[in-house]
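Report on the structure given below.
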Amino acid sequence: MTASAFQSEVSQQIWDSRYRHRSGGVARDRDVRDSWRRVAQALAAAEAHEPARWLQRFYELLADFRFLPGGRILAGAGTELDVTLFNCFVMGRIDDSMEGIFEALKEGALTMQQGGGVGYDFSTLRPAGTPAWRVGGTASGPVSFMQIWDAMCETLLSTASRRGAMMATLRCDHPDIEAFVAAKRHAGRLHNFNLSVLVSDAFMQAVHDDAGWPLVFPAVGLGGVEHGAGRRLVQRAWPGHTGTIDCVVLREVAARDLWERIMRASYETAEPGVLFIDRINRQNNLGYREQIGATNPCGEIPLPPYGACNLGSLNLTGFVSEAFSSAARIDVDALRDATVMAVRLLDNVIDQSRFPLPQQADQARGSRRIGLGVTGLADSLIMLGLRYDSDAARQRAADLMRVVCHTAYRTSIALATEKGSFPFFDREAFCGRPFIQALPADIRSGIATAGLRNSHLTAIAPTGTISLLANNVSSGIEPVFDFEHRRRIRDRDDAAWHELTDFALARWRAHSADRPPPEYFVDARHIAPDDHLAMQAAVQPYVDNAISKTINVDADIAFDAYRSVYEQAYRLGLKGCTTFRPNPVTGSVLESADRDIAAGSHCCDLDRADD
């Protein structure tokens, strides 16, 4: 295998500009084989026994793009660069003081400098207009401080041509929630942030009941209960505090009015997204020891303070046999074998990576979280003759994700026997978690007996850049955006528009050049929002982290229909929902070849989504 592994100039350019190792201006990777061997050798070095054997097996896993490790792994493993191999982090809780705010800013800058994206929960900052009681001033609120983070991020190029990426979250009961929701209504404002509202079950119930919704802040953060004299107090769990604490009700809004504001902002600007935070915490395998209030920038890994995401994706197109024929199938045995190797490889990343902060190293090594997922799903379904929005396609996707999930857990049990369980493992508490309880009996028994190497094992990442690297396979579990389109791609020096052809269409033309593509060649604009949601719901039971998925909707969708997408996502049991409706505020890195409608997503754009 040589650089001919690339079927397009664009894919080779992506490798050359983002993942090819250079030192002192000299290319050290002669071709993509050298990149694969560099990564395999670096991660096999974590093996105490037979590292040469594991090097070869890891290399075979990476060859032909069958497994795509996270972009930071591919760019940094086996180099002398002082970088992290983890794509993204959730940062520590922001202390509501000038010292705490700027310490958190510094930690974010150090993390992005080494190549990691960052997520922050800004709910700990007191609302605008309240007394800054220690100094006698007035607080300016979370959104004002987010602008400082945005400016910092704008000045940093994390590594090579990868720009910094950030996620900001805010509780739905924070008094500044309306300002947060409206923060990106002006083009260019907070450009380096994705925004998500932490929506609670209680809020969704209040929306359903058309009830009032109190906006609150901890009394201690306002100078004590005496500063809330004459105001109603309620008990709330709040980040940075154990159990529930006294919170002052600063004002009350109608829940439906607030929900309307969130939906209107999303409808008009594609932001904010919504995270169903109570569900995230209920389903968290480590819910007995941590409380989550933020995710990585693209939303597929909910994390505690200083948590890190360690990502990789199995390219399903690499497991399709006899594509476009009546005998087309997925080689499930090969998929299982690849999953076994991928789990081991990602587990080794934890031991071989550098970390920007010691707290991040402690969290990563304590939980040994990994996020193994799939990409190329839509192209694989096409190669199998299945239309993305059909029941058969959803069932096939669920079946494949079940194979990956259950194989990953069985592999992690075996690794625990060989290398030990993750340090935060509490047998009784862990085995009682809802996701674990839903696993097959042999897996539950294995965990109870032998333990588990990794607290979490599966996630669906957006895979924007690495899927393009792998000859433009469809990304994550998304449908094909468009079979031929233009995409703005940043190289080492600049950004330019390139013409792209989808992997499945290229394969079809090579296979049946004299026939037009069949009806199962369906793109995102021809898939109803409910069918997007149904695909996400089909695979969610086999994802213990979360799913990065964008629901593309038409520009002319009625607002009530748009709002119902989020309400349906909640009813389906999803952990979050993000949509994209073409609008003049956000712009895009994607453009259809046959129409002048931009398309993109709430998730990080191509410059920042090299998961």
Could you list all residues from the range 408-445 that are of a type in the set (A, V, I, L, M, F, W, C) and not in a loop (DSSP other than H, G, I, E, B)? 408, 413, 414, 415, 416, 429, 430, 431, 435, 436, 441, 443
Go through the range 23-56 and count every residue that is among the hydroxyl-bearing types (Ser, Thr, Tyr) and in a helix (DSSP H, G or I). 1
For residue 59, the lone unmet condition from (1) touching a residue at least 40 places away in the same chain (Cβ under 8 Å); (2) surrounded by 17 or more Cβ atoms within 10 Å (Cβ to Cβ); (3) part of a helix (DSSP H, G or I) is (1)
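Among the residues of the range 96-108, count how many are touching a residue at least 40 places away in the same chain (Cβ under 8 Å) and either touching a Gly at 6+ places or on another chain (Cβ under 9 Å) or polar (S, T, N, Q) (or both).
Matching residues across the range 96-108 total 3.
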Does residue 28 count as among the basic types (Lys, Arg) and more than 30 Å from residue 505 (Cβ to Cβ)? yes
The listed residue being small (Gly, Ala, Ser), closer than 22 Å to residue 478 by Cα and either in contact with a Phe, Trp or Tyr (Cβ under 6 Å, 6 or more places away or on another chain) or at pLDDT below 95 (or both), out of 393, 378, 397: 378
Restricted to the range 1-22 and to residues being charged (D, E, K, R) and not in a strand (DSSP E or B), the residue nearest to residue 502 (Cα to Cα) is 9
Answer with yes or no whether residue 190 is closer than 22 Å to residue 580 by Cβ and either in contact (Cβ under 8 Å) with a residue 12 or more places away in the chain or of a type in the set (Gly, Ala, Ser) (or both). yes
Those strands (runs of 3 or more DSSP E) lying entirely in the range 469-584 with at least 3 residues more than 25 Å from residue 397 (Cα to Cα) and either touching a Cys at 6+ places or on another chain (Cβ under 9 Å) or modelled with pLDDT under 95 (or both): 484-490, 495-501
If a residue must be part of a strand (DSSP E or B) and more than 30 Å from residue 421 (Cβ to Cβ), how many such residues does the range 458-468 contain? 0
Answer yes or no: is there a residue in the range 220-229 that is outside any helix (DSSP H, G or I), over 25 Å from the mean Cα position of the chain (by Cα) and free of Cβ contacts under 8 Å to residues at least 40 places away in the same chain. yes
Name the pairs: first residue in the range 263-282 and more than 16 Å from residue 204 (Cβ to Cβ) and small (Gly, Ala, Ser), second residue part of a helix (DSSP H, G or I) and modelled with pLDDT of 95 or more, Cβ to Cβ under 7 Å, at least 6 apart or on different chains? 265/181
Could you tell me which numbered condition residue 455 fails, if it satisfies all but one of (1) hydroxyl-bearing (Ser, Thr, Tyr); (2) within 21 Å of the chain's Cα centre (by Cα); (3) outside any loop (DSSP other than H, G, I, E, B)? (3)
Residue 251 being touching a residue at least 12 places away in the same chain (Cβ under 8 Å), part of a strand (DSSP E or B) and surrounded by fewer than 17 Cβ atoms within 10 Å (Cβ to Cβ): yes
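Specify which of the listed residues (448, 495, 470, 461) is surrounded by fewer than 16 Cβ atoms within 10 Å (Cβ to Cβ), in contact with a strand residue (DSSP E or B) (Cβ under 6 Å, 6 or more places away or on another chain) and either closer than 18 Å to residue 390 by Cβ or in contact (Cβ under 8 Å) with a residue 12 or more places away in the chain (or both).
Details: 448 fails: in contact with a strand residue (DSSP E or B) (Cβ under 6 Å, 6 or more places away or on another chain); 470 fails: surrounded by fewer than 16 Cβ atoms within 10 Å (Cβ to Cβ); 461 fails: surrounded by fewer than 16 Cβ atoms within 10 Å (Cβ to Cβ).
Sole residue among the options that is surrounded by fewer than 16 Cβ atoms within 10 Å (Cβ to Cβ), in contact with a strand residue (DSSP E or B) (Cβ under 6 Å, 6 or more places away or on another chain) and either closer than 18 Å to residue 390 by Cβ or in contact (Cβ under 8 Å) with a residue 12 or more places away in the chain (or both): 495.
Residues checked against (1) within 30 Å of residue 184 (Cβ to Cβ); (2) under 22 Å from the mean Cα position of the chain (by Cα):
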| site | (1), (2) |
| --- | --- |
| 263 | yes, yes |
| 286 | no, yes |
| 307 | yes, yes |
| 327 | no, no |
| 348 | no, yes |
| 362 | no, yes |
| 371 | yes, yes |
Against the definition (part of a helix (DSSP H, G or I) and either closer than 17 Å to residue 403 by Cβ or hydroxyl-bearing (Ser, Thr, Tyr) (or both)), how does residue 365 come out, yes or no? no
Consider residue 300 against the criteria (1) assigned to a loop (DSSP other than H, G, I, E, B); (2) more than 22 Å from residue 479 (Cβ to Cβ): it satisfies all of them except one. Which criterion is unmet? (2)
(1) farther than 23 Å from residue 289 by Cβ; (2) within 20 Å of the chain's Cα centre (by Cα); (3) not aromatic (Phe, Trp, Tyr): which one isn't true of residue 441, the others all being true? (2)
Looking only at the range 62-86, which residues are outside any helix (DSSP H, G or I) and touching a helix residue (DSSP H, G or I) at 6+ places or on another chain (Cβ under 7 Å)? 66, 67, 68, 69, 77, 78, 83, 84, 85, 86
Answer yes or no: is there a residue in the range 264-279 that is assigned to a helix (DSSP H, G or I) and among the aromatic types (Phe, Trp, Tyr). yes
Inside the range 381-436, can you point out the residues that are under 13 Å from residue 538 (Cα atoms) and among the hydrophobic types (A, V, I, L, M, F, W, C)? 392, 393, 397, 398, 400, 401
What pairs come up if the first residue lies in the range 389-415 and is under 17 Å from residue 315 (Cα atoms), the second is crowded, with 23+ Cβ neighbours inside 10 Å and at pLDDT below 95, and their beta carbons are under 7 Å apart, counting only those six or more places apart or on different chains? none
What's the total number of residues in the range 39-56 that are closer than 30 Å to residue 473 by Cα and either buried (at least 21 other Cβ atoms within 10 Å of the Cβ) or of a type in the set (A, V, I, L, M) (or both)? 7
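The values are calculated or read from the model by the stated rules, or taken from the named source; none is laboratory data. None of the values given here were measured: they were computed from a predicted structure. Cβ coordinates were reconstructed from backbone atoms using ideal geometry, including for glycine residues, and neighbour counts include every protein chain displayed.
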